[in-house]
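Below is one structure; the comments refer to it alone.
The values are calculated or read from the model by the stated rules, or taken from the named source; none is laboratory data. In this text the structure is predicted, and so the values were computed from the model without any measurement. Positions of Cβ are generated from backbone atoms using ideal geometry, with glycine treated the same way; all protein chains shown enter the neighbour counts. We work out accessible area using only protein heavy atoms, side chains counted, and drop any ligands, DNA or RNA first. Shrake-Rupley method; radii C 1.70, N 1.55, O 1.52, S 1.80 Å.
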Amino acid sequence: MKKTYLLILLLSSLVANDKTHTFASSEDCKACHTEIYKEFNGSMHMHSTPQKDPIHNAVWSKHPANKKMQHYGCGKCHTPAANNLNDMLTKGKKALPNLENRTHQEGISCAYCHRIKDIELHKKHNTNIIATTPKAYFGTRKEHIDSPYHAIVTKGNEHMRNGNVCIGCHSHKMNKHKLNVCSTNIANEMDGANCVSCHMPKVKGSVSTLHETKKHTFHGFAGSHYNSDMLQKYVDISLLKEINDFIVNVDNRSSHALLLHPLRTAVLKVSVKRKEKVTQLRDKVFVRVIGHNGKPAMPWKASVTLKDTMIKANEKRAVKYDFKLQKGDSVTVVLGWYLVNPKAIKKLNLENEKVATEFKVFKTEKFDF
Ligand code: HEC
Ligand code: HEC
Ligand code: HEC
Ligand code: HEC
Ligand code: HEC
């Protein structure tokens, strides 16, 4: 019994992603879904390939499979619309992402995401099951007109609204040492919010050019690279003055850790202005470092979490500063991040990539006394 079951799981994990691997190009959606296309075009889902994402490329360049010019296993999530995805996922095949192949550069494309009909849960990482009918897209709007270009599927569309459509790729990724390299808390229904409502809020502008609507679902996928301002409201910063010191509270009201990828480093920067003099207090760093034999290591080599100070889901973190505030003082608190831990920049040869080296400000608060 058990054996057959395992075999079925194994087989399905090999083919499930690949039953139909022809997807309409996202370019095809542009003429009618102009606003949505524009947002998508400036998102990480559009830029998830080694040729378009220098950070992904830097890590992929160090990967043993790349060095041997072999298969691109990352494709399962980073180039899921590739026409040879099955080869990319098969050990021993030579199937690398190619700049000249249009389907390799689509990223997590419109048609791919809108054809996800189900998600299979697996230990290492989940698998998206793709509906076999081309040009039939899952949609959630109660009232819609027909589209002259494609069918709209509303039966079994619940996963598009409740965030399950995201967890095929975002839930977790376990390496061969059984370490979860990243994991997102997927029990994400909190206060009615989920992946979709937080990361894809309703914004002004029409769903399509054929039928004017006031709002549409934001497709720029607010995150740590782009549009993070749209997520500021889920993290509160407050300050508590005590007699000889003060405490800064960072209240993460999202359903997962503040940052998820192990490359990230969040930093809390605090300065006090007294008359004209500005005193910069010591930075507080939040990280999750993975490694092996006591030293930081690449995701495929890491076997343990060496250190985890990242602010967790729904956690209010208090940071104390031994500084006595006076009347007239003004405290500036900045919460932000480096997409790549500054300690890993050199090893990844990312010294000249601004996106990897710059400090990105997420939220700033000022407190006057
Ligand atoms: C199970 C799905 C999945 C697989 C397989 C996968 N990734 Fe990812 N990867 C993701 C997701 C989801 C993110 C976004 C995470 C985030 O922003 O926290 C991501 C983000 C990244 C980033 C951060 C990129 C940036 O711009 O900051 C790097 C680097 C990366 N992946 C490398 C790889 C490499 C190399 C492989 C293959 C060896 C791989 N990934 C395989 C899902 C996957
Ligand atoms: C010729 C115009 C046209 C093209 C091209 C087009 N669509 Fe549409 N699409 C529409 C119209 C019209 C609607 C209905 C809009 C409404 O009711 O306001 C729609 C609705 C949708 C919906 C929402 C269904 C719902 O009710 O929630 C999805 C999803 C969708 N399209 C995806 C796509 C994708 C993906 C592409 C490109 C591969 C695409 N469309 C290309 C015209 C088009
Ligand atoms: C086919 C796999 C896949 C699916 C499905 C998917 N994502 Fe992603 N997502 C990725 C990958 C891969 C990245 C990282 C791209 C990179 O950095 O190179 C990513 C990045 C992101 C980011 C980071 C953006 C930024 O600016 O840093 C957010 C937010 C995100 N996804 C949200 C979602 C949401 C919400 C859904 C569901 C509606 C979803 N994703 C569905 C694969 C996927
Ligand atoms: C209550 C709102 C909320 C919910 C629910 C939520 N997120 Fe987030 N998400 C945030 C905030 C806040 C951040 C941090 C700010 C940022 O990255 O811009 C974030 C960051 C991210 C990032 C970037 C992390 C990194 O390391 O680069 C990804 C990817 C992401 N979320 C995916 C998801 C997925 C997938 C789900 C559903 C399983 C989800 N989020 C549910 C609010 C939310
Ligand atoms: C990572 C997955 C993902 C990708 C990529 C994606 N969508 Fe969507 N889209 C969704 C989800 C989820 C919803 C439903 C939101 C809801 O129910 O609140 C949605 C809603 C829509 C709608 C319904 C109307 C609206 O605005 O509410 C249209 C039309 C649409 N998408 C078209 C597109 C087009 C065109 C592209 C590419 C330019 C695209 N989508 C890329 C996940 C995705």
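Here is a yes/no grid of residues against (1) in contact (Cβ under 8 Å) with a residue 60 or more places away in the chain; (2) open to solvent by less than 10 Å² (accessible area, probe 1.4 Å):
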position	(1), (2)
Ile311	yes, yes
Asn314	yes, no
Arg317	yes, no
Ser330	no, no
Lys346	no, no
Members of the range 248-278 that are open to solvent by 30 Å² or more (accessible area, probe 1.4 Å) and either under 15 Å from Gln232 (Cβ atoms) or β-branched (Val, Ile, Thr) (or both): Asp251, Arg253, Val278
Residue ID - least open to solvent (accessible area, probe 1.4 Å), chosen from residues in the range 37-69 that are within 7 Å of ligand 1 (Cβ to nearest atom) and in a loop (DSSP other than H, G, I, E, B): Asp53
Close pairs from the range 136-155: first open to solvent by 80 Å² or more (accessible area, probe 1.4 Å), partner away from ligand 1 (no atom under 16 Å from the Cβ) and not in a loop (DSSP other than H, G, I, E, B), Cβ under 8 Å, at least 6 apart: Asp146/Ile152; Tyr149/Asp28
Where a residue in the range 190-212 is farther than 26 Å from Pro148 by Cα and among the polar types (S, T, N, Q) and its partner, wherever it lies, is open to solvent by less than 30 Å² (accessible area, probe 1.4 Å) and away from ligand 2 (no atom under 12 Å from the Cβ), with Cβ under 9 Å and at least six apart: Asn194/Gly163; Asn194/Asn188; Asn194/Ser255; Ser197/Gly163
The lone exception for Asp146 - which of (1) out of contact with any helix residue (DSSP H, G or I) (no Cβ under 8 Å at 6 or more places or on another chain); (2) in a strand (DSSP E or B) it fails: (2)
Elements of type helices (runs of 4 or more DSSP H) contained in the range 70-116, each with 1 or more residues being away from ligand 1 (no atom under 16 Å from the Cβ) and within 26 Å of Met160 (Cβ to Cβ): 110-114
Residue list for the range 235-247, filter: assigned to a strand (DSSP E or B) and surrounded by fewer than 16 Cβ atoms within 10 Å (Cβ to Cβ): Asp236, Ser238, Leu240, Lys241, Ile247
Output for the range 280-301, where each listed residue is out of contact with any Gly (no Cβ under 7 Å at 6 or more places or on another chain) and either in the same structural domain as Leu179 (by TED's automatic domain parsing) or not in a strand (DSSP E or B) (or both): Leu281, Arg282, Asp283, Asn293, Gly294, Met298, Pro299, Trp300, Lys301
Given (1) in a strand (DSSP E or B); (2) under 12 Å from Lys284 (Cα atoms), index of the condition Lys307 fails: (2)
Selection status of Ser206, part of a helix (DSSP H, G or I) and either within 23 Å of Asn162 (Cα to Cα) or open to solvent by less than 20 Å² (accessible area, probe 1.4 Å) (or both): no
Residue within the range 209-218 that is open to solvent by less than 30 Å² (accessible area, probe 1.4 Å) and assigned to a loop (DSSP other than H, G, I, E, B) present: yes
Qualifying residue in the range 319-337 (condition: among the polar types (S, T, N, Q) and under 22 Å from the mean Cα position of the chain (by Cα)): no
